[in-house]
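Q: What follows is a structure written as structure tokens; I'll ask about it next.
The values are calculated or read from the model by the stated rules, or taken from the named source; none is laboratory data. Because the structure is predicted, anything quoted here is derived from the model rather than measured. Positions of Cβ are backbone-derived with ideal geometry, glycine not excepted, and every protein chain shown enters the neighbour counts. Areas reflect the complete protein model, heavy atoms only, side chains present, ligands, DNA and RNA absent. Shrake-Rupley method; radii C 1.70, N 1.55, O 1.52, S 1.80 Å.
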Amino acid sequence: MKFKAWMQSTEDFLIRWVSRKIVFPAMYLAGSMKPLKENKVVFLELRLLSLSNNHKELYERLTRDYDLDVHCIFFKIGTARRREIYKRYAQYIREAADAKYLIFSEGNDVHACVWKRKGQHQLNTWHAAGAFKRFGLSTAKKLFGDTAANMKRFPSHGDYDLVTVSSPEVEWAYIEAMGKEKHPECIKAVGLSRTDIFYKDGEKAAAFERFYQQFPEAKGKKVILYAPTFRGKTVGAETPDKLSVQKFYEKFHEDYVLVFKHHPIVHKRPAVPEEYSTFAKDLSDTMTIEDLLFVSDICISDYSSLIYEYSLFEKPMIFFAYDLDDYFDWRGFYYNYDELTPGPVYKTNEEIIDYIEHIDERFDREEVRKFKERFMSACDGHATDRIMEMFFEPSLEKYKKKDK
């Protein structure tokens with residue numbers, strides 16, 4: 001078995017090395033013989049099957065207001081077979097070779113294995129707010145990350161013009177994680193496009209309408225949202241199953257409903273027992289996290305960056321960190337966990353239930369407000385405007401639709 005695993009690991013490494021060091025650069029070189037298409041934009045998604053939240057608003061603006069050649073490419077890492085994924089890698093390389101604008105939401109050694117052409121622009125909208133759990137180069141000494149040698153051999157971040165972050169407070173973490181010590185100016189606290197929706201008129205009411213369509217039993221009750229991050233590697237990611245629906249039902253079914261929102265890269269999730277279906281629902285596939293943040297009264301999470309977005313509402317947060325020591329060894333954090341979290345940290349269902357029973361006298365809104373001001377100061381409802389101005393305009397002006 002060890003020999004078989006070694007053979008598989010060696011094969012994977014060779015395929016990775018040949019594709020990133022020879023095949024993809026050669027394909028890109030051939031494509032870059034053509035002039036850049038000034039109106040061509042390429043969005044890239046690694047794992048999701050549709051555009052991520054940070055990309056949706058940008059895509060809508062670009063296609064609504066301008067006459068552009070916009071492409072969306074989905075690698076489908078974690079859902080498709082390797083042969084199909086590599087076809088999608090090749091598709092990206094061909095499209096990126098003559099595109100004026102390249103837009104990412106994560107790091108990847110495919111888009112970073114080729115150079116940025118003169119006149120080309122690269123934007124990374126980064127998919128998460130704040131700086132909670134470590135990522136990129138910051139995980140080199142953690143079990144979650146690749147080896148330091150492989151990170152150096154196969155970089156995940158290219159020559160960005162702009163990386164959007166939620167606050168000046170966290171710029172240092174992205175500089176470290178992306179290895180931008182020589183070019184730190186590309187990391188800018190202009191806010192996250194995905195947070196603009198929280199400031200739009202009518203979005204909250206629309207979110208409640210969609211929520212009640214999915215969960216009509218929730219009308220007249222408060223909402224507890226459980227939204228944990230995944231465990232393990234991104235490929236084959238697992239979700240926690242320690243929250244007891246039965247215990248929450250016994251204490252709260254008269255006044256609350258319980259909603260689950262698992263991480264989007266997790267495919268196997270614990271089922272909600274049928275006998276509690278009027279109290280608890282898994283809405284991971286049917287509602288966006290933005291809608292659920294709008295409608296929830298309490299958020300239970302663990303190490304997920306969604307706590308930064310939730311702080312914009314200044315509502316109670318509870319941290320179910322039953323495996324904190326293991327998670328620290330596995331991945332680690334940019335800040336001291338107990339000092340960072342703007343709410344109580346618990347390891348058992350009983351502790352969480354007791355806190356919720358006394359939440360009116362225990363919740364410290366000022367703690368959440370300070371957290372928001374520290375980590376989300378650039379997310380004021382105008383992040384997309386700033387991104388459009390800093391990354392695209394005025395070069396797009398000539399492509400603006402006449403009726404706009």
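Q: Can you report the number of residues in the range 368-379 which are closer than 20 Å to residue 57 by Cβ and touching a Phe, Trp or Tyr at 6+ places or on another chain (Cβ under 7 Å)? Walk me through how you get there before you give the answer.
A: Applying the first criterion (closer than 20 Å to residue 57 by Cβ) to the range 368-379 yields 376-379.
Next cut, touching a Phe, Trp or Tyr at 6+ places or on another chain (Cβ under 7 Å) only: 376.
Matching residues across the range 368-379 total 1.
Q: Now for a separate question. For residue 169, work out the one condition from (1) at pLDDT 95 or above; (2) under 17 Å from the mean Cα position of the chain (by Cα); (3) of a type outside the set (A, V, I, L, M, F, W, C) it doesn't fulfil.
A: (2)
Q: Follow-up question, since we're still on this one. Only one of 164, 147, 139, 125 is among the hydroxyl-bearing types (Ser, Thr, Tyr) and open to solvent by 10 Å² or more (accessible area, probe 1.4 Å). Can you tell me which? Please lay out each step first, then the result.
A: Values: 164 fails: open to solvent by 10 Å² or more (accessible area, probe 1.4 Å); 139 fails: open to solvent by 10 Å² or more (accessible area, probe 1.4 Å); 125 fails: open to solvent by 10 Å² or more (accessible area, probe 1.4 Å).
From the options 164, 147, 139, 125, the qualifying one is 147.
Q: Now for a different question. Could you check, for the range 1-17, whether at least one of its residues is in contact (Cβ under 8 Å) with a residue 12 or more places away in the chain and of a type in the set (S, T, N, Q)?
A: no
Q: Another question, if that's okay. Can you confirm whether the range 247-260 contains a residue that is touching a residue at least 60 places away in the same chain (Cβ under 8 Å), hydrophobic (A, V, I, L, M, F, W, C) and assigned to a helix (DSSP H, G or I)?
A: yes
Q: Next up: List every residue pair whose Cβ atoms lie under 7 Å apart, where the two residues are 6 or more positions apart in sequence or sit on different chains, the first residue falls within the range 115-127 and is among the polar types (S, T, N, Q), and the second residue, located anywhere, is in a strand (DSSP E or B) and open to solvent by 10 Å² or more (accessible area, probe 1.4 Å).
A: From residues that are among the polar types (S, T, N, Q), the pairs are 120/100.
Q: Could you count how many residues in the range 283-316 are more than 19 Å from the chain's Cα centre (by Cα) and open to solvent by less than 10 Å² (accessible area, probe 1.4 Å)?
A: Number satisfying all stated conditions: 3.
Q: Okay, moving on. Pick from 118, 40: which is more than 23 Å from residue 136 (Cα to Cα), modelled with pLDDT of 95 or more and in a loop (DSSP other than H, G, I, E, B)? Reasoning before the result, please.
A: Values: 40 fails: in a loop (DSSP other than H, G, I, E, B).
It is 118.
Q: Another question, then. Look at the range 140-154 and say how many of its residues are within 21 Å of residue 114 (Cβ to Cβ), at pLDDT below 95 and not in a helix (DSSP H, G or I).
A: 1
Q: Here are some conditions: (1) in contact with a Cys (Cβ under 9 Å, 6 or more places away or on another chain); (2) over 24 Å from residue 61 (Cβ atoms). Residue 15 meets all but one. Which one does it not meet?
A: The number of the failed condition is (1).
Q: Inside the range 220-248, can you point out the residues that are open to solvent by less than 40 Å² (accessible area, probe 1.4 Å) and of a type in the set (D, E, K, R)?
A: Selection gives 231 alone.
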